[in-house]
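Chemist: Starting off with a structure, shown below.
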Amino acid sequence: MPRAEDGPRVSKLIALSPPLDVNSGYCNLLQCTDFQDTCILAERGSALLGWISAYRPPSSPEQIFVWQVAVDPVARGQNLARNMLDALLARPAVATATALTTTITEDNEASWALFRAFARRHGATLTRSPRFDRHAHFAGAHDTEWEARISPLPALSK
Ligand SMILES: CC(C)(COP(=O)(O)OP(=O)(O)OC[C@H]1O[C@@H](n2cnc3c(N)ncnc32)[C@H](O)[C@@H]1OP(=O)(O)O)[C@@H](O)C(=O)NCCC(=O)NCCS
């Protein structure tokens, strides 16, 4: 679980992980504090190797929304993202969630593979629909973000 002191190294890891959007340092600090129950980091020694930010959307509290997943390039391909997702699901703060949602751009193969594998592993169904449109919501400056919805969630913490 992150603490305020982790904010700067979370920002650094995200900067190392294109195509993720870089957030303000202040945004990462809020994630590490107000949303620490639903965010997770992975360390080896003092090195930060993995990070997931997530929250329970106030308007859809039955969901856990995964905002960003980042694994340091040196630690990729070793199931770290997979294990962080499962550990997040086992948190008490996620116990009542019945669906995981996230958004992914069409061309982010690694991200689609991660969430497809997650759904498959837990016997859940992944559906996708456009969420934030390139023109209507990003003024042409960002590819469309597709929402992936995975449900039902396994009862890891129940
Ligand atoms: C996407 C990312 C988080 C994956 O982290 P990782 O720790 O290497 O992923 P894992 O080893 O846990 O792999 C999980 C699944 O995704 C698949 N996968 C991971 N990276 C992949 C890639 N580049 N291409 C295709 N499949 C990939 C794995 O094969 C595995 O599927 P399997 O269980 O069917 O074998 C990492 O590549 C990253 O940080 N990318 C940059 C940031 C980003 O795009 N984040 C997207 C999420 S918002």
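Chemist: I'd like the Karplus ³J(HN,Hα) series for region 136-141: coefficients 6.51, -1.76, 1.60, θ = phi - 60°, whole numbers in Hz, and an x wherever there's a Gly or Pro.
Modeler: 3J(HN,Hα) across region 136-141, in whole Hz: 5, 10, 10, 6, x, 8.
Chemist: Could I ask something else about it? Determine the percent antiparallel among the DSSP beta bridges restricted to region 4-151, to the nearest 5.
Modeler: 85 percent
Chemist: Name the residues whose placed amide hydrogens come within less than 5 Å of the amide hydrogen of A42, ignoring near sequence neighbours (fewer than 5 apart) on the same chain.
Modeler: Counting only residues 5 or more places away or on other chains, the set is L49, G50, W51.
Chemist: Is there a quick way to get the dipole size of the chain? I mean about its Cα centre, with the Cβ of Lys and Arg at +1 and of Asp and Glu at -1; what is the value in debye to the nearest 20?
Modeler: 480 debye
Chemist: Classify the chain: rounded, prolate or oblate, from the alpha-carbon gyration tensor (a ≥ b ≥ c, eigenvalue square roots; a/c under 1.5 rounded; otherwise prolate if a/b is larger than b/c)?
Modeler: rounded
Chemist: With unit charges on the beta carbon (Lys/Arg positive, Asp/Glu negative), name the residue among G50, L88, W112 whose Cα is farthest towards the positive pole of the charge dipole of the chain.
Modeler: Most positive-ward Cα: L88.
Chemist: Using +1 at the Cβ of each Lys and Arg and -1 at the Cβ of each Asp and Glu in the chain, identify which of T125, W67, Y26 lies farthest towards the dipole's positive end.
Modeler: It is T125, whose Cα lies furthest towards the positive end.
Computed from the coordinates by the stated procedures, all read-outs in this text should not be read as laboratory data. Remember, it's a predicted structure, so these values are computed and weren't measured experimentally. Reconstructed Cβ throughout: ideal geometry from the backbone, glycine too, with neighbour counts over all protein chains shown.
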